[in-house]
Amino acid sequence: PDGSLSRAAASGSALARERRELKLKHLKEEKERKLREKSGKLQDDIKITIENDDSQVAEEEIGSDEWKLNQKQKNVSFGKRTSMSMKEQRESLPVFKMRDELLRAIHENQFIVIVGETGSGKTTQLTQYLNEDGFARDGIIACTQPRRVAATSVAKRVSEEMGVKLGEEVGYTVRFDDKTSPRTQIKYMTDGMLQREAIKDPDMSQYSVVMLDEAHERTIATDILFALLKKAASRRPDLKIIATSATLNAKKFSTYFNDCPVVNIPGRTFQVEKLFSSQPVMDYLLASLDAIMKIHLEEPKGDILVFLTGQEEIETSIQVLEEKIKNFGDTIPELIILPVYSALPSEMQSRIFEPTPKGSRKVILATNIAETSLTIDGIYYVIDPGFAKINAYDAKLGMDSLVVRPISQAQANQRAGRAGRTGPGKCFRLYTELAFKNEMLPNTIPEIQRQNLSNTILMLKAIGINDLLNFEFMDPPSKESIMLSLNDLYFLGAVDQDSRITKIGRNLVNIPADPTISKTLIESIHYRCSDEMITVFAMVSTPNIFHRPKKEQELADKKKARFTHPHGDHLTYLNIYNAWVNNGYSKTWCEDNFIQERSLKRARDIRNQLLQIFKRVKYPILSCGADTNAVRKALCSGFFKNIAKRDREGSYKTLAEGTVVYIHPSSSIRSSPQYVLYNSILNTTKEYLVHVTIIEPHWLVEVSPDFFEINGKQTEAKKQSEKINPLFNRFNRDQNHWRLSKPFHSTK
Ligand code: CDP
Ligand code: MG
């Protein structure tokens, strides 16, 4: 029931509790004293704050305690304000009523699970309560997020609530972007970053509390952190672990953490009417757009949230929607159309949180990022086509790829719930009730059971966890998927035949990227092109380099063609980046060439981060100059598994799995070379190779003689290329080849 606290045995002795209570009392007294002391000088500050109502300047100069007082004063002097003050907003959140109970439960238990609807204040408030309660004295309060957007946007919000500068007391750490300082007390971070930190510091000694937020999302990193933190907690009785979930199946988490208490935050949700489609929907994109228009024209006020599967879909829909709206002219109320997806620049993201102006309606087109990790107020209508793009291992391709799949019933209910935060809402489901019942799984399959685990396994091995069989997975991955990942790691040279981490493997872990990319970066040193390779991967990791406005597509393509390298996309990216550098990082140069300056800046940040990492671990930065073949060879040393051979007219076949694939139309390759290397495969209407480079097949044997062999010794040079066979399957056929220290098949 709501608000109940199912309590297991309270941990800690009476003595310890007494000590804690004393410490708390002392802290509280000190705080009050400080407040009293400073309230004298406050009068002056208030003026500044009121004059600069929107500016943070005055607030930044004074501490958070004063800021709170300031807020109170502000409310008094303004009397009735149309919008709530920050303090009022904070105190109106459902979690506020539970503040004391939550803090008590955290003091009394090492592990605790907190369940609360999205928007109840878990992510933004709990860390602040812990900070106010003195937890930051013994270490940083960490809060992990499955998504980087959530980590950065929430950190920003909390720094505003506390009236401090982002990156000081409140900061965030996501891959290739660290906004923390030695003063940081509350740190939002991606679960992946905390997992990486465990390699160097398995005890998590920097932290006093770790909050595993959004645990219901069951990302691999959060799942792994569950186990790593449980271990760390057994060595550190002072470490507190909190797992939060927006859904009710929290029992599993509690069971995992030795039957720890589960605290429910009573929801403040309204009824949501769920409307199913009467017939199967053929084109959910069209149906979504129709639904938006119908709501806008027929339904009372309230904003709309639409769940789409990806950036491209969102952008196309926005274009179509804008056209439709234009045709209506002034005859209908304004419709503000906003996108949300993870690659969206942060200044655009913050727009979705701004209140909707009177007389208009907001429609937000979002990926499933808006399912639980972002809270948007004022949503009365949800449109749910029932799909999401997920990353899953595809046996046909021999790698993870992004695919659009039906969501689970749990996700569908979560999505519907987003309409009931501000008042009774409606959810338009673009699928039939029958499909909901028969075609959707009750719960989402955890990532760990559907993705390639190379990265995770290598990380665990680097921490010293070799015995994967006895590792405490919440839901263990299948033996096959562990085997596949071990194979991949073996061919990369990261583990030996006994599946122990090698020196190469340890080197790979130094770089925060997939093992294939790390291997390529490290091997590029041998080919004397680490400088170029760092640029290449900084560019490949950056979405939206090109700007292709509908009206100027031809011109944009023409401009792009001038940077095209005949050998493919990786070298084309290198050309573009270098041209930008040679033009003094010029903004006008970007505009002239239809290149997104923002993206190049991001690539530059990533490049700088990689350069720093190289410097720290003493890897040399070498340039190959004009000899760009070095770059292509080095690419082969990591991506030898991702090779496709020309098949028929325009089509290719992957070497390892023999799957028919096509070069993506956006690739700069216009010829049809015999052998190509690719970074990834995009699964849309066809299976498309993305980021493609032409290679010479004999390089493959050079870089990975274990994986490729040349059949027959007397082959003619020109026929040689056809005689290269992947050996990958050898390991599938003969699994005994693996002499694992703990054979996976022997138990369970
Ligand atoms: O974590 P949970 O879903 O329980 O809630 P939260 O993210 O802490 O959000 C609490 C409130 O803070 C919501 O009502 C949001 O409106 C607000 N918020 C915001 O204005 N801007 C953000 N970036 C995050 C939250
Ligand atoms: Mg949250």
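A short reminder: the numbers here are calculations on the coordinates, not readings from a lab. Remember, it's a predicted structure, so these values are computed and weren't measured experimentally. With ideal geometry, Cβ positions are generated from the backbone for all residues, glycine too; neighbour counts draw on all protein chains shown.
Values as computed for the structure displayed
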| read-out | value |
| --- | --- |
| Taking the convex hull of Cα positions in the stretch 318-416, its mean projected area over all directions (nm²) | 8.3 nm² |
| Kirkwood Rh in Å, taken over the stretch 148-264 so that all alpha-carbon pairs contribute | 14.9 Å |
| Environment charge at Lys122 (Cβ cut-off 10 Å; Lys +1, Arg +1, Asp -1, Glu -1) | -3 |
| Relative counts (whole %) of C-alpha pair distances in the stretch 125-200, using bins that are 10 Å wide | 21, 58, 20, 0 |
| Of every Cα-Cα pair in the stretch 469-533, the percent that sits beyond 13 Å | 67 percent |
| Neighbour-count order for Met193, Met211, Met483, fewest beta carbons within 10 angstrom listed first | Met483, Met193, Met211 |
| Computed over the stretch 436-582: relative contact order in percent, which uses C-alpha pairs under 8 Å that are six or more apart | 15 percent |
| Computed magnitude of the charge dipole of the stretch 131-210 (debye, nearest 20; Cβ of K, R +1, Cβ of D, E -1) | 360 debye |
| Separation of alpha-carbon centers, the stretch 353-368 and the stretch 460-485, rounded to whole Å | 44 Å |
| Kirkwood hydrodynamic radius of the stretch 428-495, from inverse mean 1/r over distinct Cα pairs, in Å | 14.2 Å |
| Computed label-point distance, nm, for sites Asn443 and Gln319 using a 7 Å Cα→Cβ extension | 4.1 nm |
| Charge-dipole axis of the stretch 463-577 as Lys and Arg at +1 and Asp and Glu at -1 on Cβ define it, positive-most pick from Ser518, Phe563, Met533 | Phe563 |
| Kirkwood-based Rg to Rh ratio, the stretch 396-525, C-alpha trace | 1.14 |
| Solvent-free Debye scattering, log10 I(q)/I(0), computed from the Cα coordinates of the stretch 239-286 at q = 0.15, 0.22, 0.28, 0.31 Å⁻¹ | -0.66, -0.86, -1.14, -1.25 |
| Virtual spin-label span in nm between Gln279 and Arg500, 7 Å along Cα→Cβ | 6.6 nm |
| Gained length - Ala395 relative to Arg548, 0.36 nm times residue gap less alpha-carbon distance | 51.7 nm |
| FRET efficiency for Glu591 and Arg183, using Cβ-Cβ distance with R0 set to 51 Å, rounded to 0.05 | 0.85 |
| Footprinting exposure proxy for Phe436, Phe640, Phe328, Phe226 (fewest neighbouring C-beta atoms within 10 Å first) | Phe328, Phe436, Phe226, Phe640 |
| Theoretical FRET efficiency, 1/(1+(r/R0)^6), r = Cβ-Cβ of Asp138 and Ala227, R0 35 Å, to 0.05 | 0.90 |
| Protection proxy ranking of 533-541, 696-704, 294-302 - average other beta-carbon atoms within 10 Å, highest first | 533-541, 696-704, 294-302 |
| Additional length obtainable on full extension of the chain from Ile336 to Glu702, 0.36 nm per residue less Cα span | 126.1 nm |
